[in-house]
Amino acid sequence: MEQLKKRPLFNPEGSVEVRDRRMINGNTTNLNDFNNMKYGWVSDWYRQAMNNFWIPEEINLLRDSKDYPLLSPGERRAYDKILSFLVFLDSIQTANLPAISEYITANEINLCLAIQTFQEAVHSQSYSYMLDTICEPQTRNEVLYQWKNDPHLLARNTFIGDLYNEFQKDKSSRAFLKAVVANFILEGVYFYSGFMFFYNLGRNHKMTGSSQEIRYINRDENTHLWLFRNIILELKKGRTPTVYPRMRQ
Ligand SMILES: [Fe+2]
Ligand SMILES: [Fe+2]
């Protein structure tokens, strides 16, 4: 299986021609050139992502701190476990996106990945802000690590985590593609399955600040899906049969 070449860092010999630009295995200078992009959709993506800028503390969670003790034990349990699941997912995204970016040689795509990484960090901070507001420090720490003690959450996270870990060891184009698809599953299935619960609470006029936080996070996640969908489609377009033999056109 073909191995990917790591993106060069300081590389004055890199090509500045748009037609030479490649998603992977290209020869980039790493210059952030906003006017000459091979992937035209990046301009819209970039603008949208910048327009979505927000910080978790914009939302007042005072009412949630009063609602939380009034939730049923089942609702509180679900709130804690889903929050723990989501904070893990955003944390591993923050850690893994730079690992993907190291092998992307189209600078406009790396710009998007840098913004996405920042947003995943903000998302994990928003869960922390929610926990800090609604519970005591001891409970907060206990909730934060439920993702590794609960067998169901751990099994789900292991599926994605193993695919990410595989790409840490194996720099083949196939392991890269699996990591990119795992990213898409995480963003498109895992996150949304967690968001549903908060929206449901919000519809019942419970924890409305939390559901607003989730709404902002969800808006960012939509753009992340847009980004990875396009990365996958561009890889497919630019593929060579030896790199991705099983991808259908
Ligand atoms: Fe996120
Ligand atoms: Fe995301």
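Pick from Asn165, Asn200, Asn222: which is closer than 27 Å to Gly40 by Cβ, modelled with pLDDT of 95 or more and polar (S, T, N, Q)?
Asn222
Filtered by the rule that a residue be under 16 Å from the mean Cα position of the chain (by Cα) and either basic (Lys, Arg) or open to solvent by 20 Å² or more (accessible area, probe 1.4 Å) (or both), the range 74-101 gives Phe88, Ser91, Ile92, Thr94, Ala95, Pro98.
With the structure loaded, tell me whether Asn230 is touching a residue at least 40 places away in the same chain (Cβ under 8 Å) and of a type outside the set (Gly, Ala, Ser) or whether it fails that test. The answer is yes for Asn230.
Count of the range 164-183 residues, restricted to those that are open to solvent by 20 Å² or more (accessible area, probe 1.4 Å), under 24 Å from Arg22 (Cα atoms), assigned to a helix (DSSP H, G or I) and without any contact (Cβ under 8 Å) to a residue 60 or more places away in the chain, is 4.
Of everything in the range 189-226, what is within 12 Å of ligand 1 (Cβ to nearest atom) and not aromatic (Phe, Trp, Tyr)? Give them in sequence order. Within the range 189-226, Gly194, Glu213, Ile214, Ile217, Asn218, Arg219, Asp220, Glu221, Asn222, Thr223, His224, Leu225 meet the criteria. Only residues that are away from ligand 2 (no atom under 12 Å from the Cβ) and free of Cβ contacts under 8 Å to residues at least 24 places away in the same chain were counted across the range 101-123, and they come to 1.
The values are calculated or read from the model by the stated rules, or taken from the named source; none is laboratory data. Bear in mind the structure is a predicted one, so any value in this text is a computation, not a measurement. Counting neighbours? That spans all protein chains shown, and the Cβs are built from the backbone with ideal geometry, glycine included. Surface accessibility is based on the protein's heavy atoms, side chains included, excluding ligands, DNA and RNA. Shrake-Rupley method; radii C 1.70, N 1.55, O 1.52, S 1.80 Å.
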